[in-house]
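Just so it is clear, none of the values below were taken in a lab; they were calculated from the coordinates. On a predicted model such as this, the values are computed, not experimentally measured, just so you know. Note that each Cβ is placed from the backbone with ideal geometry, even for glycine, and that neighbours are counted across all protein chains shown.
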Amino acid sequence: MERLQKSVEESSCVMSEIVLPNDGNGLGNLMGGRLLHWMDICASISSRRHAGMVCVTAGIDNVDFQSPIREGEIVILNSHINRAFRTSMEIEINVWAENTATGSQRKCNRAYFTFVALGRDGKPVTVPELIPESDEEKKRFADAGVRRDFRLLLSERILPDAAPHLQAYLDTIRNS
Ligand SMILES: CC(C)(COP(=O)(O)OP(=O)(O)OC[C@H]1O[C@@H](n2cnc3c(N)ncnc32)[C@H](O)[C@@H]1OP(=O)(O)O)[C@@H](O)C(=O)NCCC(=O)NCCS
């Protein structure tokens, strides 16, 4: 059967939250775990929109807490798919905090989530192919291939010989 094709735009998600006293870490800042929960929901929406079915979080990479988020600030989460593999997808999520008094926004966080689509029997299912359109989407698509090789290598799910994107990336660095 021919594999369905989808664009990045079809599954992008923007979500907003406000930091309430119950979300804090005792210092007036948002707890990291609460932010990860919101990020997981936002990224999960993108994965479900792309796959058209239930998806589970298989892993999270490169979570950077770059700037604390204060109680009372608005948290803006923005997720999009970078690449669909066979049954898994890499979803990138970026987070900004908005100061309601000034309206200013600052980048606080970025992470890469891997989701796997599961059928009714709980087994992984092939997801639609992602067709990157803009130059930026094409770059994110290529970079996601390198990151996938890297994460599967580090988790000992593949051997170096089965990491072509990472090998090509390392060759580029060596020859530059
Ligand atoms: C994710 C899960 C479905 C993978 O099951 P599995 O038996 O390893 O399945 P497979 O070996 O067929 O792998 C399926 C896909 O997941 C990917 N994958 C599995 N573990 C991964 C990991 N830790 N990181 C990134 N990708 C992973 C594989 O590369 C494969 O991708 P592909 O089909 O696009 O090539 C299974 O480990 C699971 O159910 N984990 C728990 C998920 C969960 O409960 N999440 C919420 C946490 S509270």
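The range 133-176: percent of C-alpha pairs farther apart than 11 Å?
Values: 617 of 946 pairs.
Percentage above 11 Å: 65.
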| request: Please give the net charge around H37, taking every other residue with its beta carbon less than 13 angstrom from that of H37, where Lys and Arg add +1 and Asp and Glu add -1. | output: -2
| Under unit Cβ charges (Lys, Arg +1; Asp, Glu -1), what dipole magnitude, rounded to 20 debye, does the chain have relative to its Cα centre? | 260 debye
| remark: Sorted by chain and then number, the residues having a modelled amide H within less than 5 Å of the amide H of F115, at least 5 places away or on another chain, are A58, M89, I91
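Based on DSSP H runs of at least 4 residues, each adding -39500 (n - 2.57), what is the mean residue ellipticity at 222 nm of the chain after dividing by all its residues, to the nearest 500 deg cm²/dmol?
Working: 3 runs with 52 residues, N = 176.
Per the formula, -10000 deg cm²/dmol.
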| field | Karplus-derived HN-Hα couplings along the range 60-69 (A = 6.51, B = -1.76, C = 1.60, θ = phi - 60°), whole Hz, x at Gly and Pro | value | 10, 10, 6, 7, 10, 9, 7, 8, x, 10
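Hey, got a sec? Which trypsin sites (Lys or Arg not before Pro) in the range 9-117 land in a DSSP loop and have at most 14 other Cβ atoms within 10 Å?
Details: sites: R34, R48, R49, R70, R83, R86, R106, K107, R110; in loops: R86.
Qualifying residues, ordered by number: R86.
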| task | Give the distance, in whole Å, between the Cα centre of the range 17-64 and the Cα centre of the range 125-149. | result | 22 Å
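Once you have the Cα-Cα distance between S176 and M53, take 0.36 nm times their residue separation minus that, and quote the gain in nm to one decimal. Each step should come with its number before you reach the end.
Values: separation 123, 0.36 × 123 = 44.28 nm, distance 4.25 nm.
Roughly 40.0 nm would be gained on extension.
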